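The values are calculated or read from the model by the stated rules, or taken from the named source; none is laboratory data. Computed from a predicted structure; not experimentally measured. Note that we place each Cβ from the backbone using ideal geometry, even for glycine, and neighbour counts take in every protein chain shown.
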Amino acid sequence: MNKELNEKIIEIALRICKRKEGALIIVGEADYTPLVEQEVEPFNIINNPKLLESLALMDGACIINQNGFLKAYGVKIKSNFTWKNFGTKHSAGYSASIKNDTTAYVISEEDTTIRIFKEGKLILEIDGRQKDIEKKIPEISKIIESIGWGTLGTIGMGLLAPALGIVITSGITIFAVTTGITYTIKKLQDLKIIR
């Protein structure tokens, strides 16, 4: 996924968070069923982020391709898995993210947190209540682009994951498995994401 697209989605997700509303935005492939008639023509979300924000607030998910074009909105994701201790939006995002090259951005209205899933793993949490979090969008985007070393992921238990999370900066937590954590921290230091 390109940097500009990733940053735009995070920006939109933070605006939705600040409104204390929820949404699900998926970049990549997903199995879904439309809940509403698809009347909006595909468009590049980088050129029209306000329209994506409006569509994301509808029931259902928004699906975007890797080039940033809206494929569908107001859709029900076919979910085969559940994300323990969380609702249907999180389970749908988790299920969709299992597909190759698919990233799911789950915006939770309950705790105003953005959870990002990739390859069936929770890779990043962003606290939407954190002051000036919008200024950290380039840093957050750099973290997401860097994922893929094979050491990042979740331990599989929603209640214990925060205990193993690495707090990069206020409001941003990435999750690393215990094996490879030194390598993960070294890589983040090399990228000047943490000191």
> Just a yes or no: is a residue in the stretch 4-16 modelled with pLDDT of 95 or more, surrounded by fewer than 21 Cβ atoms within 10 Å (Cβ to Cβ) and of a type in the set (Val, Ile, Thr)?
Replying inline: no
> Looking at the stretch 118-138, which of its residues are part of a helix (DSSP H, G or I) and buried (at least 16 other Cβ atoms within 10 Å of the Cβ)?
Replying inline: Ile133, Lys136, Ile137
> How many residues does the stretch 83-94 contain that are crowded, with 17+ Cβ neighbours inside 10 Å and free of Cβ contacts under 8 Å to residues at least 24 places away in the same chain?
Replying inline: 1
>> Restricting to the stretch 6-45, count the residues that are within 18 Å of the chain's Cα centre (by Cα), of a type in the set (A, V, I, L, M) and under 16 Å from Ala61 (Cβ atoms).
In response: 11
>> Considering only the stretch 64-82, I want to know if a residue exists there that is surrounded by fewer than 20 Cβ atoms within 10 Å (Cβ to Cβ), in contact with a strand residue (DSSP E or B) (Cβ under 9 Å, 6 or more places away or on another chain) and hydroxyl-bearing (Ser, Thr, Tyr).
In response: no
>> Any residue that is in contact with a Ser or Thr (Cβ under 6 Å, 6 or more places away or on another chain), more than 23 Å from Arg15 (Cα to Cα) and polar (S, T, N, Q) - is there at least one of those in the stretch 87-94?
In response: no
> Given the conditions (1) buried (at least 16 other Cβ atoms within 10 Å of the Cβ); (2) hydrophobic (A, V, I, L, M, F, W, C); (3) in contact (Cβ under 8 Å) with a residue 24 or more places away in the chain, and given that Leu55 satisfies all but one, which numbered condition is not satisfied?
Replying inline: (3)
> What number goes with the only condition from (1) touching a strand residue (DSSP E or B) at 6+ places or on another chain (Cβ under 8 Å); (2) on the phi < 0 side of the Ramachandran plot that Gly28 does not pass?
Replying inline: (2)
> Among all residue pairs at least 6 apart or on different chains, which show Cβ distances below 7 Å where the first residue, located in the stretch 108-119, is closer than 13 Å to Ile16 by Cα and the second is at pLDDT below 95 and β-branched (Val, Ile, Thr)?
Replying inline: Thr113/Ile126; Ile114/Ile126
>> From the list Val75, Val106, exactly one residue is among the aliphatic types (A, V, I, L, M) and touching a Pro at 6+ places or on another chain (Cβ under 7 Å). Which is it?
In response: Val75
>> Residues that are in a loop (DSSP other than H, G, I, E, B) and either under 19 Å from Glu110 (Cα atoms) or at pLDDT 70 or above (or both): does the stretch 142-151 have at least one?
In response: no
